[in-house]
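Q: Would you mind keeping the following structure in view while I ask a few things?
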Amino acid sequence: MGTRAGGGDGGLLAGLVPAGVVARELVADLRLQGDDSGLSPDEAAVVAAAVPRRRRQFAAGRRLAREALVDLGRAPVPILPGARGAPTWPVGVVGSVTHCDGYVAAALGEASRWRALGIDAEPAAALPPTVLARIASATERTWLAERSAARPEVAWDRLLFCVKEAVFKAWFPVHGTSPGFRGAEVRLDDGDGFVATVTDGSSASVVRAEVPGRWVQARGLLVCAAWS
């Protein structure tokens with residue numbers, strides 16, 4: 001019901017991504033451990049002015065992404081930010097990187113099988129009410145209330161935020177637009193799956209498509225994966 005521990009190796013992300021997607025993750029407090037070594041000069045320049053925690057998270061994400069590239073049979077090349085800060089992947093590869101306090105992950109796949117992947121991680125804690133009002137439709141607020149009453153142990157409002165972040169990461173590489181939080185209407189199934197119906201009118205014509213995915217809450221974290 002969405003709160004399982006993840007894959008057989010104890011990971012959170014491996015049980016969410018489709019078969020054939022390579023998932024790498026690190027559950028660790030990078031405020032207290034880890035370093036920002038291993039970055040290429042161009043990568044290091046991206047976070048040169050950032051605080052140490054941000055540099056460590058960035059370095060860990062790039063390290064995991066390079067490990068995933070090797071798992072796909074690719075060279076472990078530098079991964080620089082592109083449009084809107086999204087990682088730029090080698091030709092033939094799609095992927096996503098995420099991090100929050102205590103967690104870093106990367107998911108990569110072959111572009112011949114997926115148009116884009118999106119992952120997001122958040123602390124399993126309630127959203128500020130002002131944030132929820134900005135991201136949730138009336139329909140979403142209804143099911144949030146129903147699910148919160150039935151299973152209060154799940155941070156449903158934060159889950160909605162996490163789902164939409166993952167969905168947008170799987171949307172932007174394909175469409176090149178950002179529909180905004182109200183542009184995605186999320187429906188949850190009775191397990192750990194979801195479908196977001198995205199309606200984007202930011203370009204000359206309205207684009208409407210569904211983006212599926214899965215989620216998990218465990219170890220004080222929410223992790224979501226979406227794909228298109």
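The values are calculated or read from the model by the stated rules, or taken from the named source; none is laboratory data. A quick note: this is a predicted structure, and the numbers were derived from the prediction, not measured. Backbone-built Cβ (ideal geometry, glycine too); neighbour counts: all protein chains shown. The area values use the complete protein model at the heavy-atom level, side chains included, leaving out ligands, DNA and RNA. Shrake-Rupley method; radii C 1.70, N 1.55, O 1.52, S 1.80 Å.
Q: Tilt of helix 52-71 relative to the longest C-alpha principal axis of the chain, in degrees (0 to 90, nearest 10)?
A: Tilt relative to the chain: about 80 degrees.
Q: Let me ask something else about it. Any idea what angle helix 156-175 forms with the longest principal axis of the chain, computed on alpha-carbon atoms, 0 to 90 degrees, nearest 10?
A: The two axes meet at around 60 degrees.
Q: Give me the 1.4 Å probe accessible area per residue for the chain, excluding ligands and nucleic acids, in Å². If you can, show how the numbers build up before the last one.
A: Values: 10290 Å² over 228 residues.
Ligands and nucleic acids excluded, the figure is 45 Å² per residue.
Q: Treating the beta-carbon of each Lys and Arg as +1 and of each Asp and Glu as -1, no other charges, what is the dipole magnitude of the chain about its Cα centre, to the nearest 20 debye? Each step should come with its number before you reach the end.
A: Values: 26 positive and 24 negative charges, 64 e Å.
It comes to approximately 300 debye.
Q: First compute the accessible area of segment 12-63 with a 1.4 Å probe, then give the percent of it belonging to carbon and sulfur atoms.
A: Values: 1340 of 2610 Å².
On segment 12-63, the fraction of accessible area on carbon and sulfur atoms equals 51 percent.
Q: On to the next question. Place a label point 7 angstrom from the Cα of D29 along the Cα-to-Cβ direction, then list the residues of segment 122-151 whose backbone nitrogen is under 20 Å away.
A: Only 122-126 pass the distance filter.
Q: Right, something else. Using +1 on the beta carbon of Lys and Arg, -1 on that of Asp and Glu, and nothing else charged, what's the dipole of segment 12-120 about the Cα centre, debye to 20?
A: Working: 13 positive and 11 negative charges, 34 e Å.
I would put it at about 160 debye.
Q: Over the chain, with a Gaussian network built from C-alpha contacts below 10 Å, which listed residue (V211, V97, V70) shows the highest mean-square fluctuation?
A: V70
Q: Next question. Using only Cα atoms, tell me the angle between helix 138-150 and the longest principal axis of the chain; keep it within 0 to 90° and round to the nearest 10.
A: Its long axis makes an angle of about 90 degrees.
Q: Which values, in whole Å and largest first, are the semi-axes of the equivalent ellipsoid of the chain obtained as the square root of 5 times each eigenvalue of the Cα gyration tensor?
A: Numbers: eigenvalues 149, 86, 59 Å².
Over the Cα atoms of the chain, the ellipsoid semi-axes are 27, 21, 17 Å.
Q: For the charge dipole of segment 99-220, defined by +1 on Lys and Arg C-beta atoms and -1 on Asp and Glu C-beta atoms about the Cα centroid, which residue among H175, C100, L132 has the Cα displaced farthest towards the positive pole?
A: The one lying farthest along the dipole's positive direction is H175.
Q: Assuming R0 = 35 Å, what is the FRET efficiency of R151 and V70, from their Cβ-Cβ distance, to the nearest 0.05? Numbers along the way, then the final one.
A: Working: r = 39 Å, r/R0 = 1.12.
For R0 = 35 Å, the calculated efficiency reads 0.35.
Q: Could I ask something else about it? First check a/c for segment 10-140, with a ≥ b ≥ c the square roots of the eigenvalues of its C-alpha gyration tensor; if it is under 1.5, answer rounded, and if not, answer prolate when a/b is larger than b/c or oblate otherwise. Before the final figure, lay out the partial values.
A: On the way: a/c = 1.62, a/b = 1.18, b/c = 1.38.
Oblate is the answer for segment 10-140, as a/c is 1.5 or above yet b/c matches or exceeds a/b.
Q: While we're on this one: How large, in percent, is the carbon and sulfur part of the accessible surface of segment 70-110 at a probe radius of 1.4 Å?
A: Values: 1050 of 1730 Å².
In segment 70-110, the share of accessible area belonging to carbon and sulfur is 61 percent.
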